[in-house]
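Before any comments, here is the structure.
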Amino acid sequence: MMEWSDRHCRYFWRLITPQALLYTEMVTTGALLFGDKPYHLDFHDNEHPIALQLGGNEPDALARCAEMAQKWGYDEVNLNCGCPSDRVQSGGFGAYLMGEPKTVSACVQAMQKATDLPVTIKHRLGIDHQDSYEELLEFVQTVAEAGCRHFVVHARKAWLKGLSPKQNRDIPPLNYEWVYRLKQTLPELTIVINGGITQPQECMEHLQNVDGVMIGREAYYHPWHLRAISEAVYGKQNLLSQPEIMTEMVRYSKEQLEKGVKLNHVTRHLINFYQGCRGAKQFRRYLSEHAHRPGANEQILVDALALVEQAGVDQKESA
């Protein structure tokens, strides 16, 4: 979810689903230790519960970043051991760490000493040459012995050689059974499943076998699906409607503009909100064509929403 789940996106998602745990995009230790800390760490109070996801492989650096996570008010700190990008491979972190369980253990121990927050791991089924459940189990057991009790498992392996990051999200086959088996083998651990999950019924079926479900790209491509998934998991609640959410996003956009944020940095996350609805195409096109222009303000979003409303009126009149 790099460059996707930033603070504006998470604010939007929280309006749709009040209870789900939100994760930041992966932030490297170098970015936090030597870069703009507020830029990477600031978040809105309504985003709780929220986890900071870190990328790195040096225990001391990760410990310092875990300490920052606690000071900034996060609810969890997560070490990414699943990202297969060229950048993380060259840096020896992300999915590369699936082949270095002792390094991951040392990182976990250092992070736990630095913070009272839960320290969790997100990882794959394996990498490259790792083709057995036993290798996956050994990785999890080794890290669990260091004190980690919570594992988010993307139910695909990653090919660090031969596949691009995009291909690694689709080509390696899903293997949910191995994730279920992890929970059966290690019932004392919290096991969360991730990968290819799009429908509420799928979530409920997975929850018969594991402790939680992580939704990734589906939340971005079809954000309103989060509402159906949230209601399936947590039950129906008195939540904001689509128009109410967009009214809040207009207010939020204005607030961010006053802080110097460009409009398209907010609206790019809203593009798919009306997917499947009348006026969705016009809404997407209008935001894409106008939100990036110099001087664009919240009125652009208001005008885009008017296109959706008009499409609904036209549908009723033709019916």
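The values are calculated or read from the model by the stated rules, or taken from the named source; none is laboratory data. Just so we're clear, the structure is a prediction, and the values are computed from it rather than from any experiment. Methodologically, a virtual Cβ is constructed for each residue, glycine included, from the backbone with ideal geometry; neighbour enumeration extends over all protein chains shown. Surface areas here come from the heavy atoms of the whole protein model, side chains and all, with no ligands, DNA or RNA. Shrake-Rupley method; radii C 1.70, N 1.55, O 1.52, S 1.80 Å.
Descriptive notes on the structure:
Rundown of residues vs (1) buried (at least 17 other Cβ atoms within 10 Å of the Cβ); (2) closer than 30 Å to residue 238 by Cα; (3) touching a His at 6+ places or on another chain (Cβ under 8 Å); (4) free of Cβ contacts under 8 Å to residues at least 24 places away in the same chain, yes/no style:
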site	(1), (2), (3), (4)
44	no, yes, no, no
47	yes, yes, no, no
65	yes, no, no, no
70	no, no, no, no
84	yes, no, no, no
96	yes, no, no, no
99	yes, no, no, no
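- Total residues in segment 161-200 satisfying the condition of being surrounded by fewer than 16 Cβ atoms within 10 Å (Cβ to Cβ), farther than 22 Å from residue 132 by Cβ and at pLDDT 95 or above: the figure is 1.
- Given (1) surrounded by 15 or more Cβ atoms within 10 Å (Cβ to Cβ); (2) modelled with pLDDT under 95; (3) over 19 Å from residue 12 (Cβ atoms); (4) among the hydrophobic types (A, V, I, L, M, F, W, C), number of the condition residue 226 does not satisfy: (3)
- Conditions (1) out of contact with any Lys or Arg (no Cβ under 9 Å at 6 or more places or on another chain); (2) among the β-branched types (Val, Ile, Thr); (3) surrounded by 20 or more Cβ atoms within 10 Å (Cβ to Cβ); (4) modelled with pLDDT under 95; number of the one not met by residue 308: (1)
- Yes/no for residue 279 being more than 29 Å from residue 21 (Cα to Cα) and modelled with pLDDT under 95: yes
- In segment 241-253, the condition of being open to solvent by less than 20 Å² (accessible area, probe 1.4 Å), closer than 30 Å to residue 153 by Cα and assigned to a helix (DSSP H, G or I) is met by no residue.
- Residue ID - surrounded by the most Cβ atoms within 10 Å (Cβ to Cβ), chosen from residues in segment 1-37 that are in a helix (DSSP H, G or I) and β-branched (Val, Ile, Thr): 29
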